[in-house]
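Taking it in order: structure first as structure tokens, then the write-up.
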Amino acid sequence: MNQDFIKLLAAWALFHESADEGWKSAVARGQAQQPGSMGDGPEAFVQGLAALVDEEKEKLKTRLAGEGDSVEAAPGPDLSERLDTLAFELRELRGCVESLQASVDGLAARRDE
Amino acid sequence: MAWPRVAMNEARGRRGRQLFIAGLKCALRIAWKTRFGLMPGHRRRCTIAREVRLLCERLGPAFIKLGQLASVRPDVFAPETIFELEQLQDRVGAVSVGAIQTVLKQELGAEVDALLDDFEDEAVAAGSVAQVHRARLARAYRPVTGPELPAGTPVAIKVLRPGIKALIATDLAIARRWAGRLNRWRRLARWRPAALMEEFSAMLERELDLRNEGRTADRFARDFAADPYVIVPRVVWRHSTRRVLVSEFVEGWRLNELGQAERAGINARRLAAHGAEVFMRQILVLGYFHADLHPANLLVTPKGQLCFLDFGIVGRTSPTQREAIAQVLVGLVYGDADRALRYSRELGLVVPAEREQGVRRETEVLVRRHLLEPGRADVRGFALGFLSMLADQRITIPAGYGLLVKALVTVEGVSHAIYPDLDLIKSAKPFATGLIAAQLMQPDRLRRRLPEAGRRALEALLA
């Protein structure tokens, strides 16, 4: 019984190892694809998808590692995005003010004529 | 004080009579050419559409603009009309440089030479509403997006033609009156002429304030800042007002000028596929899109980038619309007419039960004939056939739905102008698939669907 259980675990480990190797080769083939080749057929699509998922996994790993170092040193993507949006809105406002100033200059010059 | 009002009313009356006579002549020509309406459906609609386009061109700026706005509403007008109105020519002679310099001085409070260097007297483009001159920045400027524009940077100065606002206001007032009268006709009431006219007037008035165009350009530049193949001229707000828009001058070829020699220097195939993807991203991801996209409003730069110009008309899509449009798109690119029709319901397309079978069969035929033809998909042919079929079946086309079909045709037109042999359906497949995958992976959606998926998996295991 004990031996059977070990065999079952060995089969499980072998299954995992083969799946892992299959996955790694799919990722490699997907990474070697030209842009736009995902539509060439089901296999090309799966390989392309594997490469995309792997890329996302690496990004996630990097982000999680960064979060572990220090929260203050590496603000989350949400915070950076909000900061970026606010900075853009501020620059938009500056643009509005500059345009209004140009209109005021135009009106003032017409009044003085 | 009363005199100018009397004069204005007289001028309006004169213009009203002028427009009425032009409209009457057009109606008579249509009656004659369509054999008093006895001509068969498609040919009759094509003839009417052509005459309406010529009438808009004859009536001037307000009607040209109204026609352009109508061309993005396939939910209201027949497909033959919208495709004909797309071709409205907005090219007129330039106004004298003196008149343009007067507007610039009124708007900016100084002579143009005191603000900008090397102002060119000859206009680089002249439309019925505005014209464009070239100059150089006298001082460096930091735009809303991207790095600083150094002194000497070439700029495009877009200026509204003098008197255009008053002319358009007069024509719109007359058109509103006519629309009110047409509203009383029962046959025309389903198009809601008065409400439509109000909507178009509001859009046109918005377009006459060039700052709106500048703001959209800034937002677009920001949303595509990471895309190396997209470029948007940045606005110089210091010299921009309601009637003047100064922005970076980008050198390039308009799509309608792109010949073999120009295509040879760039990767035209990749650029065409990318252009299609950029447009789909606007509609399906960002929720706003350049709604006046035609070959004259897009440049290809010598570096092989796409430059978007003229953001006067902007369309918007809601999150629900975007989700359903993506599903319909997937249905179309994979030739799954059933899926396309199923999700069309979420965009408001109501097909009565007794006609469902027929509509599905005809859609399948159209998809096979126009979209799955190996080598060359014909989206325009599909759109024309599909919209005509819905019109023949008297099925109301909802606004969001018409928008999708029209957008696909625009994407195809633009892509083919860059690379005529591009198979749009093949290029759209990866984008559409990625979009659906992204929709499925949304945490909210996953949370909603996981319990159901788990239940089904358990049922399958137990079975």
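Which of the helices (runs of 4 or more DSSP H) contained wholly in region B:1-81 include at least 3 residues that are out of contact with any helix residue (DSSP H, G or I) (no Cβ under 8 Å at 6 or more places or on another chain)? Let's see the steps before the verdict.
Numbers: elements: B:2-33, B:41-59, B:61-70.
By residue number, B:2-33.
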### Task
Would you mind finding the one in B:Arg187, B:Arg206, B:Arg269, B:Arg192 that is within 11 Å of another protein chain (Cβ to nearest Cβ), surrounded by fewer than 17 Cβ atoms within 10 Å (Cβ to Cβ), more than 25 Å from B:Pro154 (Cα to Cα) and not aliphatic (A, V, I, L, M)?
B:Arg269
### Message
Among (1) at pLDDT 90 or above; (2) surrounded by fewer than 16 Cβ atoms within 10 Å (Cβ to Cβ), there is one condition B:Arg177 misses while meeting the rest; what is its number?
### Response
(1)
#### Entry: Pairs where the first residue, in region B:232-249, is facing another protein chain (nearest Cβ under 8 Å) and part of a strand (DSSP E or B) and the second is among the hydroxyl-bearing types (Ser, Thr, Tyr) and buried (at least 24 other Cβ atoms within 10 Å of the Cβ), C-beta under 6 Å, 6+ apart
B:Val235/B:Ser247
### Task
Could you tell me which of the residues A:Phe45, A:Phe5, A:Phe15 is in a helix (DSSP H, G or I), at pLDDT below 80 and surrounded by 15 or more Cβ atoms within 10 Å (Cβ to Cβ)?
A:Phe45
### Message
Going by what's in this entry, would A:Asp84 be described as at pLDDT 80 or above, more than 16 Å from the chain's Cα centre (by Cα), part of a helix (DSSP H, G or I) and closer than 28 Å to B:Gly434 by Cα?
### Response
yes
### Enumeration of residues in region B:118-137 that are within 25 Å of A:Arg94 (Cβ to Cβ) and either among the hydroxyl-bearing types (Ser, Thr, Tyr) or surrounded by fewer than 17 Cβ atoms within 10 Å (Cβ to Cβ) (or both)
B:Arg136
#### Entry: Those residues of region A:84-113 which are farther than 15 Å from B:Gln106 by Cβ, within 8 Å of chain B (Cβ to nearest Cβ) and of a type in the set (Asp, Glu), in sequence order
A:Glu92, A:Glu98
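Restricting attention to region B:90-112, and to residues there that are more than 14 Å from chain A (Cβ to nearest Cβ) and surrounded by 13 or more Cβ atoms within 10 Å (Cβ to Cβ), which single residue is farthest from B:Pro61 (Cα to Cα)? If you could, list the steps in order and put the result at the bottom.
So the first thing to find is which residues in region B:90-112 are more than 14 Å from chain A (Cβ to nearest Cβ), and the list is B:90-100.
The next check asks that each one be surrounded by 13 or more Cβ atoms within 10 Å (Cβ to Cβ); those that pass are B:90, B:92, B:94-95, B:97, B:99-100.
On the way: B:Asp90: 8, B:Val92: 10, B:Ala94: 14, B:Val95: 14, B:Val97: 20, B:Ala99: 18, B:Ile100: 18 Å.
Looking at the filtered set, the residue picked out is B:Val97.
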### Query
Does B:Ala291 count as more than 14 Å from every other protein chain (Cβ to nearest Cβ) and either crowded, with 18+ Cβ neighbours inside 10 Å or under 19 Å from the mean Cα position of the chain (by Cα) (or both)?
yes
#### Entry: Options B:Ala31, B:Ala62, B:Ala99, B:Ala70: the member that is among the small types (Gly, Ala, Ser) and within 25 Å of B:Val409 (Cα to Cα)
B:Ala70
### Query
Is it true that B:Lys165 is basic (Lys, Arg) and within 17 Å of B:Ser247 (Cα to Cα)?
no
### Summary
Matching residues in region B:181-212 (in contact with a strand residue (DSSP E or B) (Cβ under 9 Å, 6 or more places away or on another chain) and either hydrophobic (A, V, I, L, M, F, W, C) or at pLDDT below 80 (or both)) number 2
### Query
Which residues, counting only those in region B:419-444, are within 21 Å of B:Ala383 (Cα to Cα), of a type outside the set (Ser, Thr, Tyr) and touching a helix residue (DSSP H, G or I) at 6+ places or on another chain (Cβ under 9 Å)?
B:Pro420, B:Asp421, B:Leu422, B:Leu424, B:Ile425, B:Lys426, B:Ala428, B:Lys429, B:Phe431, B:Ala432
#### Entry: B:Val230 outside the structural domain of B:Leu167 (by TED's automatic domain parsing), of a type outside the set (D, E, K, R) and surrounded by fewer than 22 Cβ atoms within 10 Å (Cβ to Cβ)
no
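The values are calculated or read from the model by the stated rules, or taken from the named source; none is laboratory data. Computed from a predicted structure; not experimentally measured. Methodologically, a virtual Cβ is constructed for each residue, glycine included, from the backbone with ideal geometry; neighbour enumeration extends over all protein chains shown.
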